[in-house]
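*Asks:* Please find one structure pasted underneath; my questions will follow.
The values are calculated or read from the model by the stated rules, or taken from the named source; none is laboratory data. Quantities reported herein were computed from a predicted structural model and do not represent experimental measurements. For neighbour counting, all protein chains shown are included, and Cβ atoms are generated from backbone atoms with ideal geometry for every residue, glycine included.
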Amino acid sequence: MSTVADDLYQDLVVEHKRAPRHFGTLAAPTHQARGRNPQCGDDVQVQLQLEGDVVRDIRFSGQGCAICIASTSMMTEAVLGREAGVVRELQQHFRAVLTGQEQPQEATLGKLVSLSGVSRYPSRIKCALLGWHALMHALQAPEPHASEEAAR
């Protein structure tokens, strides 16, 4: 990764850690799930308002390292207004890039591509994926207000 890409990665992580987007709770979530990593202490709750198959609103709360919070914040921006199927595909591409199964330029990740550098730090991949794991569990919840816990 070039120094320009490194700088972009660092700037975005710091920006999203300091001012996470869609941070807080929803008054009436239709789906929610919690992701926890007991090894490092990252713990995030993702809440959704699905209208049909579309993510009409999303919020997250909790605590975590800069990579966890930044990735979850960027995730909320990327999935808002999208259909669940598109969200699942995006998660699969993001995960594949972080685990080295796909090259960043092959995936249509938008700003999320700036987190591809996490792949160089295997111990931090779980941090970047925790919010996504919670989101996938929330989307799989069969009933409104269902809550699942995703420990990673």
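*Asks:* When you scan the stretch 73-82, do you find a residue that is touching a residue at least 60 places away in the same chain (Cβ under 8 Å) and either more than 11 Å from LEU135 (Cβ to Cβ) or touching an Asp or Glu at 6+ places or on another chain (Cβ under 9 Å) (or both), even just one?
*Replies:* So far as the stretch 73-82 goes, yes, one or more of its residues are touching a residue at least 60 places away in the same chain (Cβ under 8 Å) and either more than 11 Å from LEU135 (Cβ to Cβ) or touching an Asp or Glu at 6+ places or on another chain (Cβ under 9 Å) (or both).
*Asks:* Something else: HIS133: farther than 22 Å from ASP11 by Cα, modelled with pLDDT under 95 and either of a type in the set (Lys, Arg) or surrounded by 18 or more Cβ atoms within 10 Å (Cβ to Cβ) (or both), yes or no? Show your work before the answer.
*Replies:* On the way: farther than 22 Å from ASP11 by Cα: yes; modelled with pLDDT under 95: no; either of a type in the set (Lys, Arg) or surrounded by 18 or more Cβ atoms within 10 Å (Cβ to Cβ) (or both): yes.
The answer is no for HIS133.
*Asks:* Grab the helices (runs of 4 or more DSSP H) fully contained in the stretch 55-141, keeping just those with 3 or more residues being under 17 Å from ARG34 (Cα atoms).
*Replies:* Because the criterion is at least 3 residues that are under 17 Å from ARG34 (Cα atoms), the helices (runs of 4 or more DSSP H) in the stretch 55-141 that meet it are 66-79, 122-140.
*Asks:* Still on this structure, I have one more. Specify the residue that is surrounded by the fewest Cβ atoms within 10 Å (Cβ to Cβ); the eligible residues are those in the stretch 77-99 that are among the polar types (S, T, N, Q) and touching a helix residue (DSSP H, G or I) at 6+ places or on another chain (Cβ under 8 Å).
*Replies:* Selected residue: THR99.
*Asks:* Additional query: Could you check the stretch 112-134 and list, in sequence order, the residues that are of a type in the set (Lys, Arg) and out of contact with any helix residue (DSSP H, G or I) (no Cβ under 6 Å at 6 or more places or on another chain)?
*Replies:* Answer for the stretch 112-134, where residues must be of a type in the set (Lys, Arg) and out of contact with any helix residue (DSSP H, G or I) (no Cβ under 6 Å at 6 or more places or on another chain): ARG120, LYS126.
*Asks:* With respect to PRO38, is the statement that it is surrounded by fewer than 23 Cβ atoms within 10 Å (Cβ to Cβ) and closer than 25 Å to ASP11 by Cβ true?
*Replies:* no
*Asks:* Out of the stretch 16-31, which residues are closer than 22 Å to LEU112 by Cα and outside any loop (DSSP other than H, G, I, E, B)? Spell out how you get there, then give the answer.
*Replies:* Initially, the stretch 16-31 is screened for residues closer than 22 Å to LEU112 by Cα, giving 16-24.
Passing the criteria: HIS16, LYS17, ARG18, PHE23.
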